[in-house]
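A short write-up of the structure that comes next.
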Amino acid sequence: MSWTLAQVGTYTLATPQGMPLLLCIVLGVAFLTAWLTSSVLMLRGSLRLNKQAASISAPLAIGLVCINTLAFVALLATVLDIKNSTTHIERAVLVTKGTTPEMLATFENQIQLHSNKKYTQRWFDLKSELQLDDAQNIPSPSLLAHAIGDMSELVVLGDGLSPAQWQTLFLATNNWGTPENSKMGVTFMPSPETLGIVNISWQKQLQIGQALHISGALSGRSDSEASEDDAAPSGVKPYILQLVSPSGEIEQEISLKRGEVFSLVTHPKAAGQWRYPLRLRDKTTDTLLEENYITVSVTQNDSLGAPLSTAQINTSPRSAIWQSAPSFETKYIKDWISASGSAVTITTQISQDAYLRQYINQPTPDANSTGQTQQDDHFYSAETLAGIDILFMDGRSLVNLSKDQALRLQQAVESGLGLFLFADSNLVLEETKDITKRLKLPALREDKQAADEFSIVYPKQFAPRATQAVPASTDLTLSIGAFRFDDEEAETLLKAPNGRALVKQHSLGLGQVAITLLPRTYEWKLNQTNGEYERLWHYLIKHIARNSDAIYWLKENASRLVFERNQVDACLRIGIRHKDVQVSIEYAQGQSNELTQQPLMLNQRKDQPNIACAHYWPESTGWYRILASTQQDSLPNSTKIERGVSNAITAQEYRYVYSPNSWLAAQQAVKHWASHAVANSSAKTNSRPRDVTPNKGAPFAMFVLMLSALWLIRRLR
């Protein structure tokens with residue numbers, strides 16, 4: 001501990017660190033006494049000169065006192081702690097891909113104009129393709145944290161870093177915080193925007209009969225092209241986007257302008273792994289500006305990929321009904337399901353706070369074991385929902401759920417539960433938008449003119465196997481509610497002969513959510529329709545209920561592109577009876593094009609025990625096949641296999657890996673977005689106080705010099 005004695009401007013004078021205060025006072029008094037005594041003695045000795053030397057005695061006395069005072073000051077400066085507080089910026093400049101010499105010159109000019117504080121600056125180069133003499137090359141962002149040390153500001157020039165790279169950088173540090181709340185001051189100077197397709201999204205895996213939906217946008221105008229675009233007539237779209245089939249035929253062609261969003265739809269005609277070229281051309285010169293590939297793996301419905309609905313029927317589905325009032329529709333559904341020996345739980349609201357529960361083909365649980373989290377929380381607990389394969393609800397009972405109950409239901413659906421809703425007027429109310437969005441319900445609207453009677457048509461794409469037909473359409477009719485669907489993206493499970501959708505479903509995580517416009521299917525049961533009622537509900541439950549035993553790979557993110565040498569996550573949905581699952585990856589290696597199969601390690605998710613993920617780092621462009629098998633000895637450590645050889649594969653999926661030189665505009669847009677987000681959330685104060693201790697060598701040398709001068713003068717006298 002030290003004691004501050006005085007502060008002059010930015011300089012602070014304090015006692016020596018760790019010296020007790022009493023000792024400091026004693027030494028201070030001793031030094032001051034010595035200075036005063038020596039000065040008095042020098043004055044008296046100089047003034048004793050005889051009258052002949054009186055003309056020089058006064059100046060000599062003043063000179064001796066001054067030298068003695070300087071020696072005293074030099075001694076204090078040597079002994080005491082002197083610190084100079086200055087504001088200092090320690091800046092690290094990271095130059096990334098896309099940085100131009102003009103950007104570097106602009107950056108240097110901005111520093112000279114706007115920086116009135118002292119700073120030190122170190123340069124780092126992350127694959128910028130520039131020749132920087134003073135920059136240190138950094139092959140990976142994770143190494144940057146160790147290279148820059150204790151810096152107060154990070155400046156990123158060029159395209160910036162991707163979200164994964166920012167995450168890696170912050171994980172490598174201890175005191176930077178997170179990308180969402182950075183304690184390090186971050187400044188981002190983006191590179192000029194590249195012309196090309198951005199925000200691209202499409203389904204990477206399909207089954208026969210499904211449409212391929214492609215959406216994206218043309219990158220916004222850059223400063224260098226503003227004048228060129230402004231010169232064009234208003235409303236002119238100067239670019240053409242072409243979707244080309246794998247055989248080379250142009251399937252769709254649209255005109256675009258900078259910043260415009262587009263949507264394309266096509267229907268793959270055969271199973272296989274396909275590449276659809278997506279070409280951007282200049283409308284005036286027909287110059288090819290960019291060409292990338294839309295890759296999609298199309299499988300048969302009986303393939304080893306994920307089921308079309310990801311939730312096909314169990315041999316004994318566990319069902320539950322949660323309804324706001326008794327109904328004939330749910331009564332006959334309950335009777336039909338329970339007749340096969342399946343467990344059914346029915347909960348009916350009979351008053352505001354009273355519920356009637358029925359348990360069929362299962363023991364009645366104790367009152368203390370129902371799993372409710374609170375005394376007044378009557379809805380199924382998370383544990384109970386995890387044991388249900390399909391839950392039937394009416395719109396009123398869904399709307400009456402509290403926020404906590406709705407969240408519990410959402411999490412259960414995302415984990416695989418099938419939710420089947422009977423449409424009513426409650427689902428179209430304004431206050432239901434939140435839960436509709438949360439559960440991703442197919443959009444619905446009320447239409448009094450829509451009430452009618454239709455026969456039923458089963459869409460062909462929902463055949464359980466390629467060689468097996470869907471139930472045949474019937475001439476028997478059913479009443480239709482006064483509602484219509486407004487959701488074009490939701491899958492149609494049932495429709496009328498005129499094409500009107502009667503039952504639609506959406507995927508939500510691992511589960512399915514469906515809404516039916518058929519309020520009275522039990523009429524078929526009452527009219528003895530030769531099994532049409534049973535066939536209808538078997539078909540519906542098969543596509544909505546949880547699949548407890550299926551093993552399949554979860555679909556790739558539609559908006560994510562995978563590039564060489566980047567980490568790729570592949571997650572597997574594991575059935576409850578399959579514990580010893582082994583996975584591997586198969587790819588063509590080198591110029592020999594031989595297939596190589598290598599094992600992958602699965603890591604189980606803590607929050608979802610039925611999901612396990614593997615990680616791999618592809619080193620070449622092309623198709624990769626990930627495989628899952630329940631055989632213990634099916635996967636060697638590393639082996640080359642022949643084409644056509646089967647290893648009793650349980651689940652497989654094809655994924656495409658792109659070259660780093662493809663989708664350049666999309667890559668840049670993602671990096672720009674991530675870098676701007678980190679910079680906007682970073683600490684605003686990029687400079688910090690810095691205490692500088694002056695070198696004690698100068699005052700000590702002055703002290704010795706003054707003492708030597710006093711001794712020399714004394715000797716000469």
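With small (Gly, Ala, Ser), touching a residue at least 12 places away in the same chain (Cβ under 8 Å) and either under 13 Å from Ile197 (Cα atoms) or not assigned by TED's automatic domain parsing to the domain that holds Leu212 (or both) as the only criterion, which of Gly272, Gly259 stands out? Write out each step before concluding.
Working: Gly272 fails: either under 13 Å from Ile197 (Cα atoms) or not assigned by TED's automatic domain parsing to the domain that holds Leu212 (or both).
Unique residue meeting the criteria: Gly259.
If we keep just the residues of the range 408-418 that are more than 21 Å from the chain's Cα centre (by Cα) and either without any contact (Cβ under 8 Å) to a residue 12 or more places away in the chain or part of a helix (DSSP H, G or I) (or both), which is farthest from Phe379 (Cα to Cα)? Give the derivation first.
The first filter runs over the range 408-418 and keeps only residues more than 21 Å from the chain's Cα centre (by Cα), leaving 408-409, 412-413, 416-418.
From what is left, the residues that are either without any contact (Cβ under 8 Å) to a residue 12 or more places away in the chain or part of a helix (DSSP H, G or I) (or both) are 408-409, 412-413.
Numbers: Arg408: 9, Leu409: 9, Ala412: 13, Val413: 15 Å.
Residue satisfying both the conditions and the ranking: Val413.
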Review point. Under the condition of being modelled with pLDDT under 85 and hydrophobic (A, V, I, L, M, F, W, C), which residue from the range 664-705 is nearest to Asn68 (Cα to Cα)?
Key: Phe703
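Residues that are hydrophobic (A, V, I, L, M, F, W, C) and assigned by TED's automatic domain parsing to the domain that holds Asp335: does the range 547-556 have at least one?
Scanning the range 547-556 turns up no residue that is hydrophobic (A, V, I, L, M, F, W, C) and assigned by TED's automatic domain parsing to the domain that holds Asp335.
Report, by residue number, each residue of the range 134-174 that is among the charged types (D, E, K, R) and closer than 15 Å to Ala679 by Cα.
Of the range 134-174, the ones among the charged types (D, E, K, R) are 134, 150, 153, 159.
If the condition is that a residue be among the charged types (D, E, K, R) and closer than 15 Å to Ala679 by Cα, then Glu153, Asp159 are the ones that fit.
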Revision key, fill the gap. Output for Cβ contacts, cut-off 7 Å, separation at least six or different chains, first residue part of a strand (DSSP E or B) in the range 446-466, second at pLDDT 80 or above and polar (S, T, N, Q), reads Glu446/Ser425; Glu453/Thr477; Glu453/Ser479; Phe454/Thr477; Ser455/Thr477
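Could you check the range 427-451 and list, in sequence order, the residues that are of a type in the set (S, T, N, Q) and farther than 26 Å from Ala412 by Cβ? Outline the logic, then answer.
Initially, the range 427-451 is screened for residues of a type in the set (S, T, N, Q), giving 432, 436, 449.
Of everything in the range 427-451, just one residue is of a type in the set (S, T, N, Q) and farther than 26 Å from Ala412 by Cβ, namely Gln449.
For the range 532-549, give me each residue that is modelled with pLDDT under 80 and surrounded by fewer than 20 Cβ atoms within 10 Å (Cβ to Cβ). Spell out how you get there, then give the answer.
Within the range 532-549, the subset modelled with pLDDT under 80 is 547-549.
Passing the criteria: Ser548, Asp549.
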Point to revise | Options Leu104, Leu157, Leu169, Leu161: the member that is in a loop (DSSP other than H, G, I, E, B), at pLDDT 85 or above and within 18 Å of Phe188 (Cβ to Cβ) | key: Leu161
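Residue-by-condition table, conditions (1) under 30 Å from Gln300 (Cβ atoms); (2) modelled with pLDDT of 80 or more; (3) charged (D, E, K, R):
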residue: Asn174; (1), (2), (3): no, no, no
residue: Pro179; (1), (2), (3): no, yes, no
residue: Gly196; (1), (2), (3): no, yes, no
residue: Lys204; (1), (2), (3): yes, yes, yes
residue: Gly216; (1), (2), (3): yes, yes, no
residue: Asp230; (1), (2), (3): no, no, yes
residue: Leu241; (1), (2), (3): no, yes, no
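The values are calculated or read from the model by the stated rules, or taken from the named source; none is laboratory data. All of these numbers come straight from a predicted model, not from anything done at the bench. Please note: Cβ atoms are built from the backbone with ideal geometry, for glycine as well, and neighbour counts cover all protein chains shown.
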